[in-house]
């Protein structure tokens, strides 16, 4: 970082009032606005020095991951040329509070056109084509539940379970550009699918979307109500440029040192500019050709002065959290976290209280988590998301995973923390402590791999040893509320004394160590889970049919199973509103459906299975009812027709009755390989299936 004397000379000479008539609005930096806008501070100046890009030219970034501008690749295929021209001339036209400085003062429209001609050559072979489908309504759910509202305002017509977009007001939101003028659904989908490819500094978080969530979100942001992106507006093609204009643009881009902030193979090498005592400069009261110009508020100016004159020891350690806006979701040592305005938009499993919907604290996070696990989380490795019930997703910072993990480990190091003393012989005591048979009842709330009881579903504790440091685990169990006030986790060792006296003589330290020992090396599961062996959860229809909803092969994720006395069973597809499968023999084992977190796709218990072909009818399922004997009737609509499909078993035969409102008979298929007889009376068809 530049020396104190050089910085001091610089701010004395060049930091003067920069607010003038006609100047662009002041840059909006959330970490500064939230914590340092009330009065000038060294930390506020440090955040601005990073987030306004000062460090990119002058060095000495106080933030672990320096702020950069976007990658300029494929601009001609991602951004409208006219929008970009206006933005380069006046960044505030593109987005309120833009942190892009004015760079093109003193340049003609022809100069800007030349720069655009040069930027238009930054094309790669990346595929940018219309997605297959898009649904703005689903995109609205993604936007308002995945965490976007932590930084951006909810839409005015959104009504969530606890908050409404119509009532939302906050000075901390990051404004959006006019997406319709800037881009289209093809480019926006590509960007949202991998923001870190274009914004590697992570200020635009990389959320891991699944399936077509990125295109749905793009449709929402563009307010495109159609479902076929191929019919949505296309970007206007950039005009073909003359070689002379491209060369001129290249010279201007290099002269303005765009490479200091923007990545692209063609931008060139960046040039570091030492802070000097010459008059003028990029913080001058008037724009200087070729240098950045900001319209800083008086408080922003004073904060920068304090930072530039600071001593190394003056700076707090939370600058990176504030600069990267980690505090929008997380609190650390009581600082940050959801604001009163954004709090209602965090959703999840409310049975777990705030722990089920709010991201966890960052207090001591580098002491809590193993470095290898932090790297895994920042990379977004499969299995690194351990709180699926919290809808807000942890972003990915793959490019900086090692750097961030190293920093957090060093920041929160506690070399004097009391270590856990393990006793391998106590491993079975750990099994009992975790269980519900004379133990601490941990599995009453917590998942254990794919096992769970019928209580609330807190995070999986079977692999805590892969994530947590044992010394943190020990201190947390002794006083959970110290780490997360209001947690539902009870103090099982209040005042350091065990509430379970019959295990290891009530020795607190040995009990905690035994729990860790079993999590790390134990085999099997804690005491208290139902015995999966012996068919204890096989459903056996005796006097009347049994109906069970589950995930089932052929019948999909909305399957409705019906087991009849006598060993005839069927699976009805509640999504397509049609019969999917029939089988004879044992009905269904409900263990996985009732007790496992990630219930697998189930199959019939019998090998005597008869599949039903899938009809292409576009039916809508409307539920089912049962008669006094428990026989089901499935209800659906097919176009303008109302359809009822009933099932019963008589004398070892399956009776299927289909009724439809006026019109043609509805299409259907029979179970393959089963004999059948049909009888039609008006708008009712009765089918009898029989076996020899």
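Nothing in this text is a laboratory measurement; each read-out follows from the coordinates by a stated rule. Being a predicted model, the structure only gives us computed values, none of them experimental. Heads up, the Cβs are rebuilt from the backbone with ideal geometry, glycines too, and the neighbour counts pull from every protein chain shown.
Where does each of 518-530, 415-427 land if you order them by average Cβ count within 10 Å, highest first?
518-530, 415-427
Using label points projected 7 Å from each Cα along Cα→Cβ, tell me how many nm separate residue 681 and residue 618, to one decimal.
3.4
Which distance in Å, rounded to a whole number, links the C-alpha centroids of the stretch 500-567 and the stretch 329-348?
Using only Cα atoms to place each centre, the spacing works out to 35 Å.
Arrange the following residues from fewest to most other Cβ atoms within 10 Å of their Cβ: 433, 232.
Values: 433 26, 232 19.
Ordered by Cβ neighbours within 10 Å, fewest first: 232, 433.
Consider all pairwise Cα distances in the stretch 155-265 and report the whole-number % of them above 19 Å.
Roughly 65 percent, once rounded to a whole number.
Under the classification rounded if a/c is under 1.5, otherwise prolate if a/b is larger than b/c and oblate if not, where does the stretch 424-521 fall, given a ≥ b ≥ c as square roots of the Cα gyration tensor eigenvalues?
Cα axes put the stretch 424-521 in the rounded bin.
If r is the Cβ-Cβ distance from residue 625 to residue 398 and R0 is 51 Å, what FRET efficiency results, to the nearest 0.05?
Once the sixth-power term is evaluated, E becomes 0.50.
How far is helix 42-51 tilted, in degrees, relative to the longest principal axis of the Cα atoms in the chain, given as a value from 0 to 90 rounded to the nearest 10?
Compared with the principal axis, the helix lies near 80 degrees.
What is the calculated FRET efficiency for residue 540 to residue 132, with r their C-beta to C-beta distance and R₀ = 30 Å, to the nearest 0.05?
The value I calculate is 0.10.
Mind checking the angle between helix 243-255 and the chain's longest principal axis? C-alpha axes, 0 to 90 degrees, to the nearest 10.
80
Taking every Cα atom in the stretch 174-229, find the radius of gyration and the maximum pairwise distance Dmax, and write them in Å.
Spelled out, the Cα radius of gyration and Dmax of the stretch 174-229 are 11.2, 33 Å.
Over all Cα pairs of the stretch 382-446, how is the pair count split among 5 Å bins, expressed in % and running from 0 up to the last occupied bin?
In order of increasing distance, the bins hold 3, 11, 11, 11, 14, 17, 18, 11, 2, 0 percent.
Return the inverse of the average 1/r over all pairs of distinct C-alpha atoms in the chain, which is the Kirkwood hydrodynamic radius, in Å to one decimal. Mind dumping the intermediate values first?
Numbers: mean 1/r = 0.0334 Å⁻¹.
Evaluated over the chain, this radius sits at 29.9 Å.
Please give the FRET efficiency for residue 421 paired with residue 382, using the beta carbon to beta carbon distance and R0 = 41 Å, rounded to the nearest 0.05.
0.75
For the stretch 648-692 and the stretch 435-484, what is the separation of their Cα centres, given in Å?
Between the Cα centres of the stretch 648-692 and the stretch 435-484 lies a distance of 52 Å.
Between residue 529 and residue 37, what is the label-point separation in nm under the 7 Å Cα-to-beta-carbon projection?
Taking the simple label geometry, residue 37 and residue 529 are separated by 5.1 nm.
Taking the 0 to 90 degree range and rounding to the nearest ten, how far is the long axis of helix 213-222 tilted relative to the main principal axis of the chain, both from C-alpha atoms?
Helix 213-222 and the main axis of the chain meet at about 60 degrees.
Modelling each spin label as a point 7 Å along the Cα-to-Cβ direction, I'd like the residue 488/residue 343 distance in nm, to one decimal.
1.9
May I ask you to give the average projected area over all directions of the convex hull of the Cα atoms of the stretch 345-411, in nm² rounded to one decimal?
Projected over every direction and averaged, the Cα hull of the stretch 345-411 covers 4.7 nm².
How big is the C-alpha Rg of the stretch 590-692 next to the rule-of-thumb value 2.2 N^0.38 Å, as a ratio?
Rounded to two decimals, the normalised Rg is 1.24.
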